[in-house]
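Asker: Right, I'll just put the structure down here and ask away after.
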Amino acid sequence: MEQKVYTLANLDCANCAAKIEAKFNALPEVEAATIVFATRQLRLTAEDPDGLIEKLTQIGRTVERDFEIHTDAHTHHNHHECHCHDHEHDHHHEHDTGWGSLVTILLGAGLFLAGILLQPLTLLASLPCFIAAYLILGWDILKTAAKNLLRGHVFDENFLMSIATIGAFVIQEYPEAVGVMLFYRVGRYFEQRAVERSRSQIMEAVDLRPETVLLSDGTVIPAAAAKAGDLVQVRPGDRIPLDGTVISGESRIDTAPITGESVPVAARQGDAVLSGCMNLSGLLTLRVEKPLSESMVTRILQSVENAAAGKPKIDRFITRFAKYYTPAVVAAAALVAIVPSLITGNWNYWVYTALSFLVMSCPCALVLSVPLAYFSGIGMGSKQGILFKSGLTMEAMANIKAVAMDKTGTLTEGSFTVRQVSGGDDVLSLCASCEQFSTHPIAVSILAAAKERGLSFTKPEQVEELAGQGIRAVFGGKTVLCGNEKLLAAHGISIEAQRAGMTCVYVAESGVLLGQITLGDTIKNDASEAVSQLHRMNIHTAILTGDGEVASQAIGKELGIDSVYARLLPEQKLETLQQLRKTHGSVMFVGDGINDAPVLSGADVGAAMGSGADAAIEAADVVFMTSKTRAIPTALRIAAQTRRIAWQNVIFALAVKLIVMILGVLGYASMGAAVFADSGVAVICILHALAPLYLKKSVKK
């Protein structure tokens, strides 16, 4: 199976997007199809995705084939742009935000106002104005309704709006008929502007890919053409285009676009820098380490796009609900038109009320507001260096009851410093020889200390890294152990108790303890406040670590962690997490090591520090690009706010529609109110869905 991503350039209706997605998934050749209204993307997984695009015409859409050859070189996806016209829902949406639509609305409004002013004089004078205004405002809708009716789409929005307004003409409610069409067009105009605004704001925030790069020789080339090893210049005030290493120059780098951190960091020769960050002061020359398709700016964009495609359960529920909503409202309209009229004989009143029901029968406000709310939340997270991998992840995070964290790199800096060596330089040299191929933070610190003292290393004949214990190596036929007390205990070697808050690496050769290296790790300066925030959110906190009991308990006590589990192997971490789940409910695990991959996958939500191992990042559901612990409560708060906004939109939209229906039956609501319950509510829900974009201060509290 092959997955391709297509951009549907004219996709401007959330309801028809849901319908088309369902039709794609009904095709036997399709393994999976997802249409993301927020990004206008069709993600198609099939044996021959391009061949299936041809079938768009058979399921209600056509594709202008000349656009299919356009491939987006910025991304690793086969990303084609298709200009699509919906035959099921082929209406004026794609033009609603253009000048032509605005002129049409103004002209129709002028004729409508003229009809209102002339109505007291004579119907003969006002009726032509009403008819002209109606045809100007509604011609596209009427034409599309007729086409769709021939295809059997009786629940199409255009058809229902046409029936409602033509019905108003039949019962001689001329101003109502034109007013409804006018307000409908105005509502759709503002609705589409709001949608486009949300799309542009979010995508501008996350799409940091450069168009061109400046090579060191002054040549400007497309960013996608730059290769690993190329030398590029980054001037003060420019954004770093590609992931690279500083070859020359010094500067201050603003990493906020990637990590959300507001404090600039120093960059000098030899430092690695990420694409998307801003160069604030000096001229830098970088050696490109990764092409554009693999650089951080592309990874972030792909993460956001993939997250938008991972629809939450509420989104799927609303899509299913919308399938039954419109037929139910139409059935209610038919009952309201017929039953009371037969009883009272007041056909005009009850038909008018039924027509107002038809105006509210489109579920766009419901279908549109939920995905935009989650897309907005995903965009808000990315602005703060938090990459949610799907809407499902955000939904799950809103239900988290416990947060389990690895100690090293999550609660502590992970940059150990050798404080004391028992046994002298020989012990440090032997330990460094064992650790020289390990990427563990402790190993890196030991190597750094040995190099600082000018000690030499020996290459082991055999070396084995034992997860959660340490290293076993062979030198000259002698077995050397470097690790924690668990490793030595397994080989029958007794040790002294380590000092509180310290990490000890013990060195033994041929079953004899030679000495120990004592290292200290520093608690992150925001870890205490982050844990306090989690407690204020009524979330249980726990440490799951492979480090020693004494040091881990000391860290836990200082931070106020609820429970500490130390000396855990990777599989034991997973078992402990499952126990936490049984006791407290949904558990989120935060880690950054290669050994954390199993427990990250097994947690209800797995979160990885962006500075951690690639395997941990791949296994995680959410990635914190910043190394700050406060990203944990911030992410949970964004997720909770996003879910709350989505449900508020659903409840508000349904409540307003229901209230207007009841008021209509009681004689207190007009068709104008029905238009507000449709288009007006959609605009309000869209604007409310954008709220996470403006909650940056509140989510950090």
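Asker: Before I look further, what does region 453-522 give for accessible area per residue, probe 1.4 Å, in whole square angstrom?
Answerer: 49 Å²
Asker: Stretched out fully, how many nm does the piece from Leu214 to Leu107 gain, at 0.36 nm a residue minus the Cα gap? Please list the in-between numbers first.
Answerer: Working: separation 107, 0.36 × 107 = 38.52 nm, distance 5.03 nm.
So the extension gain works out to 33.5 nm.
Asker: Subtracting the Cα-Cα distance from 0.36 nm times the residue separation, let me have the gained length for Lys143 to Thr479 in nm, one decimal. All intermediate terms of the calculation are to be shown ahead of the outcome.
Answerer: Values: separation 336, 0.36 × 336 = 120.96 nm, distance 8.49 nm.
That works out to 112.5 nm of additional length.
Asker: Next question, about the same structure. Report ³J(HN,Hα) in whole Hz for each residue of region 513-520, in order, from the Karplus equation J = 6.51 cos²θ - 1.76 cosθ + 1.60 where θ = phi - 60°; Gly and Pro get x.
Answerer: With coefficients 6.51, -1.76 and 1.60, one gets 6, 8, x, 8, 10, 9, 10, x Hz.
Asker: Please report the carbon-and-sulfur percent of the accessible area for the chain; probe 1.4 Å, protein heavy atoms only, DNA, RNA and ligands left out.
Answerer: Of all accessible area on the chain, carbon and sulfur atoms account for 57 percent.
Asker: If you don't mind, another one. Using the Karplus curve 6.51 cos²θ - 1.76 cosθ + 1.60 with θ = phi - 60°, what ³J(HN,Hα) values do you get for each residue of region 268-277, in whole Hz, with x for Gly and Pro?
Answerer: My calculation for region 268-277 gives 9, 3, x, 7, 7, 10, 9, 5, x, 6 Hz in order.
Asker: I'd like the antiparallel share, as a percent to the nearest 5, of DSSP beta bridges with both residues in the chain.
Answerer: Roughly 75 percent of the beta bridges in the chain run antiparallel, per DSSP.
Asker: Taking H placed 1.01 Å from N in the peptide plane, check which residues at least 5 places from Val403 or on another chain put their amide H under 5 Å from its amide H.
Answerer: Result for Val403 returns His540, Thr541, Ala542, Met588.
Asker: Could you sort the peptides 550-557, 339-346, 473-480 by per-residue average Cβ neighbour count (10 Å cutoff), highest mean leading?
Answerer: Details: 550-557: 20.0, 339-346: 11.9, 473-480: 14.9.
Ranked by mean Cβ neighbours within 10 Å, highest first: 550-557, 473-480, 339-346.
Asker: Taking the 0 to 90 degree range and rounding to the nearest ten, how far is the long axis of helix 425-435 tilted relative to the main principal axis of the chain, both from C-alpha atoms?
Answerer: Tilt of helix 425-435: around 40 degrees.
Asker: Moving on. Let me check I've understood the local charge: for Leu355, count other residues with C-beta under 14 angstrom from its C-beta, Lys and Arg +1, Asp and Glu -1. What total comes out?
Answerer: Residues close to Leu355 contribute a combined charge of -3.
Asker: In terms of modelled amide H atoms, which long-range or inter-chain residues lie less than 5 Å from the amide H of Arg40?
Answerer: For Arg40, whose amide H was placed from the backbone, there are no distant partners under 5 Å.
Asker: The list (i) 1.00; (ii) 0.98; (iii) 1.09 gives values of Rg/Rh (Cα atoms, Kirkwood Rh), and only one came from this structure; which label was calculated from it?
Answerer: Matching the structure shown: (iii).
Asker: Related question: Among Ser532, Ala551, Gly477, whose Cα lies farthest out toward the positive end of the dipole of region 438-562, if unit charges sit on the beta carbon of Lys, Arg (+1) and Asp, Glu (-1)?
Answerer: About the Cα centre, the residue reaching furthest to the positive side is Gly477.
Asker: To test your reading of the geometry: what angle, between 0 and 90 degrees and rounded to tens, separates the Cα axis of helix 631-666 from the longest principal axis of the chain?
Answerer: 10 degrees
Asker: Where does the chain land at 222 nm, in deg cm²/dmol rounded to the nearest 500, when only DSSP H runs of n ≥ 4 count, each adding -39500 (n - 2.57), divided by all residues?
Answerer: So the helix-based figure for the chain works out to -15500 deg cm²/dmol.
Asker: Moving on. May I ask you to compute the full-extension gain from Ala225 to Ile131, defined as 0.36 nm times their residue separation minus their alpha-carbon distance, rounded to one decimal in nm?
Answerer: Working: separation 94, 0.36 × 94 = 33.84 nm, distance 5.82 nm.
Between Ala225 and Ile131, full extension yields an extra 28.0 nm.
Asker: With the cut-off at 32 Å, tell me which of the pairs Lys451/Lys478; Lys582/Lys657; Lys23/Lys657; Lys143/Lys313; Lys486/Lys582 have Cα atoms farther apart than that.
Answerer: Lys582/Lys657; Lys143/Lys313
Asker: Output the peptides 358-364, 680-686, 506-512 sorted from most to least packed, where packing is the average of other Cβ atoms within 10 Å over each peptide's residues.
Answerer: Averaged packing, sorted descending, gives the order 358-364, 680-686, 506-512.
Asker: Taking θ as phi - 60°, what are the ³J(HN,Hα) couplings along region 106-116 by the Karplus curve (6.51, -1.76, 1.60), each to the nearest whole Hz, with x for Gly and Pro?
Answerer: 5, 5, x, 5, x, 5, 4, 5, 4, x, 4
The values are calculated or read from the model by the stated rules, or taken from the named source; none is laboratory data. Just so it is clear, the structure is predicted and the values come from calculations on it, not from any experiment. Virtual Cβ from ideal backbone geometry, glycine too; neighbours counted across all protein chains shown. In case anyone asks, the SASA skips ligands and DNA or RNA and just uses the protein heavy atoms, side chains included. Shrake-Rupley method; radii C 1.70, N 1.55, O 1.52, S 1.80 Å.
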